[in-house]
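Take a look at the structure set out below.
Computed from the coordinates by the stated procedures, all read-outs in this text should not be read as laboratory data. Quantities reported herein were computed from a predicted structural model and do not represent experimental measurements. Every residue, glycine among them, receives a Cβ derived from its backbone with ideal geometry; neighbour counts consider all protein chains shown.
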Amino acid sequence: MTPEKTIGTDMVKSITKAVIGVIAIFLVVEIVTAFVWPVYNVWASEKKGQAELAQATSNRKIAVQEAEAKKESAALLAEAEVLRAQGVAKANQIIGESLKGNEAYLRYLWITDVAGANIDKTVVYVPTEANLPLLEAGRSLKTDTAIQ
């Protein structure tokens, strides 16, 4: 055989092998596309659904824990408010008991309060025997003339 015929035959064999390889690759791609890809899509969708379910479950647990924390907080705030109210009531009771029969002390507190007040800017009600206040009738005339 001549070297030219060997080169031609080898070239034909190489081209044949390349064509067979391309056809084999094409067949593998077709098989994967036809059979494996749909199975993979189903599997991937199932995994995605499981992940979403896990996320939803986690979000629900977080919401429940937040609600329980708010409930506990409200209960503790209510308990604190009750304790505060009991303290105020007890303080009022102590003050009320200490002021019974101490009319002189109450009068002293009233006098010191009136003495410390600025009479020009404060309305003062003076108790009388009938428990009716004395009003300053001329006071409004002073303010009316000052406006004009």
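Between Ala115 and Leu76, how high is the FRET efficiency from 1/(1 + (r/R0)^6) when r is the Cβ-Cβ distance and R₀ = 30 Å? Nearest 0.05. Show your work: numbers first, answer last.
Numbers: r = 45 Å, r/R0 = 1.51.
Calculated transfer efficiency: 0.10.
Apply 1/(1 + (r/R0)^6) to the Cβ-Cβ distance of Glu103 and Ala67, taking R0 = 41 Å, and write down the FRET efficiency to the nearest 0.05. Please list the in-between numbers first.
Details: r = 56 Å, r/R0 = 1.36.
Given R0 = 41 Å and the Cβ-Cβ separation, E is 0.15.
Give me the extension gain from Val88 to Ile20: residue separation times 0.36 nm, minus the current Cα-Cα distance, reported in nm with one decimal.
Separation in residues times 0.36 nm, less the Cα-Cα distance, equals 14.7 nm.
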